[in-house]
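Engineer: This structure is in structure tokens; I'll ask about it shortly.
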Amino acid sequence: MTTLQDVLDAAEALWPTRLAEDWDNPGLAVGDPAWPVSRVRLALDVTSETLDEAVADGAQVLFTHHPALFHPLRSLDARSASARVPLRAARAGVALLSAHTNADAAPGGVNAVLADLIGLADQRPLVPIPGEPDAGIGRLGTLPAGATLGGLAARIARVLPSTASQVRVSGDPALPVRTVAVCSGAGDSLLTLPQVLAADVYVTADLRHHVSLDARAAGLGGLINVSHWASEWLWLPVAARQLAARLEADGHPVAVSVSDTRTDPWDFAIAQ
Ligand SMILES: [Zn+2]
């Protein structure tokens with residue numbers, strides 16, 4: 001029999017929580033490690049909809065990238081929006097488990113999957129974690145000679161799931177691109193790093209007005225701003241295969257499925 005503890009052990013082996021940022025809250029949010037598990041559902045976010053899917057799928061674990069509980073709760077009062085879904089998960093016997101910045105930083109994790117799909121060679125972490133080989137925030141890599149900003153943006157648009165947020169670009173489409181910095185999810189905070197400004201282009205999500213203008217003024221040739229959800233959702237099918245293989249190897253097989261429900265907050269855009 002497989003238990004939730006077995007799933008926690010497999011997740012820890014793949015995405016060690018020591019790699020998480022100090023402010024983060026990955027790991028088990030709801031559940032009892034003794035619960036039996038036969039099915040695991042993966043989604044990017046814990047929402048009412050992704051929980052419904054997990055229940056309909058017969059899953060005992062909803063494994064997400066974003067933690068279900070992030071800000072401290074003072075109650076599990078169902079009238080509060082932040083408590084409603086975790087409370088419902090507990091009643092339904094669905095454990096809530098996440099791997100967040102630990103999965104971003106892990107070798108082969110969220111950033112590595114995005115960088116692979118973009119086609120980056122010679123990959124290394126943008127901000128390495130000392131003592132942790134190939135682990136760290138973001139990725140830095142290179143494209144073959146002849147690559148351009150326009151060509152890279154078109155490739156990204158092809159490999160990412162489609163969203164209303166689209167793929168928005170700052171810079172000349174003909175700009176030659178060799179070195180690419182990547183950060184899945186919100187990457188504003190890395191925009192002032194010398195290694196990002198030294199790249200030919202920075203690919204991330206949730207870029208705001210001022211930091212973007214400042215980075216271009218500081219010499220960054222191009223910015224590609226994608227959907228936060230899309231930049232991280234790509235990781236889920238890879239994570240599902242890794243989790244299933246790890247549990248199988250440990251002698252604790254489970255059925256694993258991935259939600260393709262788009263939890264990107266944006267539903268449509270009007271092209272001008
Ligand atoms: Zn994220």
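Engineer: Taking the beta-carbon count within 10 Å as an exposure proxy, list H71, H100, H66 from fewest neighbours to most. Write out the running numbers ahead of the final one.
Structural biologist: Values: H71 7, H100 23, H66 19.
Listing H71, H100, H66 from fewest to most nearby Cβ atoms yields H71, H66, H100.
Engineer: Over the Cα atoms of the stretch 107-226, Rg to Rh with Kirkwood Rh, two decimal places?
Structural biologist: 0.93
Engineer: Zone of W266 (label point 7 Å along Cα→Cβ, backbone N under 11 Å): which residues in the stretch 150-170?
Structural biologist: Residues 163-169 qualify, since their backbone N sits under 11 Å from the label point.
Engineer: Want the number for D9 to F70: 0.36 nm per residue separation, take away the alpha-carbon distance, what's left?
Structural biologist: Residue separation times 0.36 nm, minus the Cα-Cα distance, leaves 19.8 nm.
Engineer: Quick one: order W23, W35, W235, W266 by neighbouring beta-carbon count within 10 Å, fewest to most.
Structural biologist: Placing the least packed residue first, the sequence is W23, W266, W35, W235.
Engineer: Give me the net charge for the shell around L76: Cβ to Cβ below 11 angstrom, other residues only, Lys and Arg +1, Asp and Glu -1.
Structural biologist: +4
Engineer: On a 0 to 90 degree scale, rounded to 10, what angle separates helix 149-159 from the longest Cα axis of the chain?
Structural biologist: That works out to roughly 20 degrees.
Engineer: Using the Cα centre of the chain as origin and beta-carbon charges of +1 (Lys, Arg) and -1 (Asp, Glu), tell me which of S170, L4, A115 is placed farthest towards the positive end of the dipole.
Structural biologist: Selected residue: S170.
Engineer: By DSSP, what percent of the beta bridges with both residues in the chain are antiparallel, rounded to the nearest 5? Present the calculation step by step, with values, prior to reporting the outcome.
Structural biologist: Details: 17 of 38 bridges.
Of all bridge pairs located within the chain, approximately 45 percent are antiparallel.
Engineer: Using only the Cα atoms of the stretch 100-139, build the gyration tensor, take square roots of its eigenvalues as a ≥ b ≥ c, and label the shape rounded, prolate or oblate: rounded if a/c is under 1.5, else prolate if a/b is larger than b/c, else oblate.
Structural biologist: Judged from the Cα gyration tensor, the stretch 100-139 comes out oblate (a/c at least 1.5, b/c at or above a/b).
Engineer: If you line up the long axis of helix 235-249 against the longest principal axis of the chain, both from Cα atoms, how many degrees apart are they, to the nearest 10?
Structural biologist: 50 degrees
Engineer: Can you compute log10 of I(q)/I(0) for the stretch 1-135 with the Debye formula, treating each Cα as one identical point scatterer, at q = 0.10, 0.11, 0.13, 0.21 Å⁻¹?
Structural biologist: Listed by q, the Debye log ratios stand at -0.36, -0.43, -0.59, -1.21.
Engineer: Using R₀ = 41 Å, calculate the FRET efficiency as 1/(1 + (r/R₀)^6) where r is the Cβ-Cβ separation of D214 and M1; round to 0.05.
Structural biologist: Result of the calculation: an efficiency of 0.15.
Engineer: Using a 10 Å cut-off around each Cβ, can you sort T2, T179 from fewest to most neighbouring Cβ atoms?
Structural biologist: T179, T2
Engineer: Based on the Cα gyration tensor of the stretch 193-272, what are the three equivalent ellipsoid semi-axes, each the root of five times an eigenvalue, rounded to whole Å and given largest first?
Structural biologist: Numbers: eigenvalues 258, 73, 11 Å².
So the equivalent ellipsoid measures 36, 19, 8 Å along its semi-axes.
Engineer: Bin by bin, in steps of 5 Å, what percent of the Cα pairs in the chain do you find, going until the bin that has the longest distance?
Structural biologist: 1, 6, 13, 16, 17, 15, 12, 9, 6, 3, 1, 0
Engineer: Under 12 Å from a point placed 7 Å out from the Cα of A90 along the Cα-to-Cβ direction: which residues of the stretch 16-42 have their backbone N that close?
Structural biologist: Flagged as within label range: 29-32.
Engineer: Round to the nearest 10 and give me the degree value, 0 to 90, for the angle of helix 48-57's Cα axis relative to the longest principal axis of the chain.
Structural biologist: The helix 48-57 is inclined about 60 degrees to the chain.
Each reported figure results from applying straightforward, stated rules to the coordinates on display, with no laboratory input. Because the structure is predicted, anything quoted here is derived from the model rather than measured. Note: ideal-geometry Cβ built from the backbone for every residue, glycine included; neighbour counts use all protein chains shown.
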